[in-house]
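Structure, as structure tokens:
Just so you know, all these numbers are worked out from the coordinates, no wet-lab data involved. The shown structure was predicted, so the numbers you read here are calculated from the model rather than taken from an experiment. Cβ placement follows ideal geometry from the backbone for every residue including glycine, while neighbour counts extend to all protein chains displayed.
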Amino acid sequence: MNHPALLLALLFAAALVISLLIRFWLAARQMRHVARHSDAVPAAFSDIVTLDAHRLAARYTLAKGSFGLWTMAFSAAVLVGWTLLGGLGVLNNAIRESIQPAYGDMAYQLALLAAFVLIGSLLDLPFDLYSTFRLEQAFGFNRTTWRLYLVDALKGIVLGALIGLPLAAGMLWIMASTGTLWWLWAWGAWMGFNLLALVLYPTVIAPMFNTFKPLADSALESRVQALMAKCGFFAKGFFVMDGSKRSAHANAYFTGFGAAKRVVFFDTLLDKLLPGEVEAVLAHELGHFKHRHVLKRIASMFAISLVGFAILGWLSHRIWFYTAFGVQPSMTASNDAVALLLFMLIVPVFSFFVSPLFAGLSRRHEFEADAYACAHASGRDLSSALLKLYKDNASTLTPDPLYARFYYSHPPAAERLAAMQTPATAT
């Protein structure tokens with residue numbers, strides 16, 4: 001191994017170890033903090049959250065935390081196996097030698113990508129099964145049957161093949177055919193695909209997995225339409241999704257892009273909230289659009305992915321990039337697919353260290369959306385809706401402050417509700 005390869009391998013190993021230590025330390029802090037505060041409901045929530053519900057949320061958080069530690073350790077071991085122990089190199093050699101001579105470069109590279117995804121899915125399967133049928137089931141949230149689970153898996157495989165394989169083939173063709181600036185063309189194609197997905201997901205993909213029915217409550221629909229009109233928004237429709245067939249968790253969201261925007265309510269949400277509370281939750285989502293949070297996130301994704309493609313474009317021509325992780329690049333076949341896989345494996349390790357910045361920005365956006373909702377609907381209704389959702393989703397009301405600062409994309413309940421009580425937001 002030459003010096004650049006050795007340096008990259010050592011840098012990756014150090015980043016991986018440090019990130020794991022931070023993850024485990026934060027998880028331990030979170031679990032200790034939640035357990036320590038599990039026997040007393042915070043004063044701000046004592047009127048609506050019972051001690052039993054608070055303890056249930058603590059047990060749920062601790063169970064997820066313990067499971068997360070095992071998942072984290074296993075994922076790290078798999079990552080080391082693929083990279084520092086040369087697992088990807090072994091898989092690449094086996095598929096290249098068996099596929100490339102007879103079927104050519106494109107078939108070999110697509111087979112490599114497919115094999116990697118298949119192996120990864122099989123390795124993750126026991127954890128997904130445990131999460132769905134043991135952990136979520138134990139706390140009364142899982143409503144997925146084995147039949148539905150298998151049907152979803154089959155649909156996912158078919159959809160992944162129909163979309164993923166042509167997309168991968170297009171990317172590989174761009175990498176091989178557009179010269180040294182292939183990464184710029186690939187970035188443009190990737191961004192185009194993401195924008196197309198925003199348009200097609202609500203009307204083509206999501207209905208493959210869930211049933212969407214027009215909102216049948218005419219009084220609630222009129223109320224929602226009035227709010228939309230007051231806020232200057234247009235949506236193609238208001239729909240209720242049968243989220244209850246998989247989970248008891250509740251949610252509502254905007255989806256789509258441009259003229260394809262639609263409002264979607266989980267049926268579980270409508271079962272739990274009063275009309276005024278539903279209106280306030282919707283006003284919060286409108287706040288994200290009013291403050292252009294969606295466009296800002298898309299723009300950020302464009303910028304970050306452009307930098308990522310540029311780095312990949314540079315690394316893919318460096319032999320030491322491959323040899324650092326036990327891959328011997330071919331002198332006769334293309335190395336584009338293995339470069340993509342290596343890049344996808346190592347980037348999350350380094351990006352972990354900047355993730356708190358994005359979590360903090362997301363929390364800021366949530367505060368802005370809450371303020372918008374309080375100004376255009378009822379702050380009291382939004383507060384009561386959030387309290388119900390925290391309670392029904394068994395979300396802890398007492399997270400470790402540092403853990404929340406590092407990971408939470410939404411503000412902790414106490415901070416969020418306190419902000420709504422200020423004169424500028426309360427109504």
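Going from the residue with the fewest nearby Cβ atoms within 10 Å to the one with the most, Ile346, Ile174, Ile119 rank Ile119, Ile174, Ile346. Cross-link pairs exceeding 25 Å between alpha carbons, from the set Lys213/Lys391; Lys155/Lys245; Lys155/Lys213; Lys245/Lys296; Lys290/Lys391: Lys213/Lys391; Lys245/Lys296; Lys290/Lys391. For Thr255, nonlocal amide neighbours, meaning residues 5 or more places apart or on other chains whose placed amide H falls under 5 Å from its own, are Arg262, Val264.
All Cα-Cα distances of the range 77-168, cut into 10 Å bins from zero to the largest, leave 14, 33, 31, 17, 5, 0 percent in each bin in turn. Couplings 3J(HN,Hα) of the range 102-116, computed from phi: 8, 10, x, 4, 5, 5, 4, 5, 5, 5, 5, 4, 5, 5, 4 Hz, in residue order, whole Hz [Karplus 6.51 cos²θ - 1.76 cosθ + 1.60, θ = phi - 60°; x for Gly and Pro].
Centroid-to-centroid, using Cα positions, the range 136-152 and the range 75-92 are 31 Å apart. Averaging the sequence gap over all C-alpha pairs within less than 8 Å and six or more residues apart, then dividing by the number of residues, gives the chain a relative contact order of 25 percent.
Based on Cα atoms of the range 298-427, Rg over Rh with Rh as the Kirkwood radius reads 1.21. Scattering from the chain was approximated by placing one identical point on each alpha carbon and applying the Debye formula without solvent; log10 I(q)/I(0) at 0.07, 0.08, 0.12 1/Å stands at -0.42, -0.55, -1.21.
Against the chain, whose longest principal axis comes from its Cα atoms, helix 379-392 is set at around 60 degrees.
Among DSSP bridges having both ends in the chain, what percentage is antiparallel? Round to the nearest 5. Approximately 65 percent, going by the DSSP bridge assignments.
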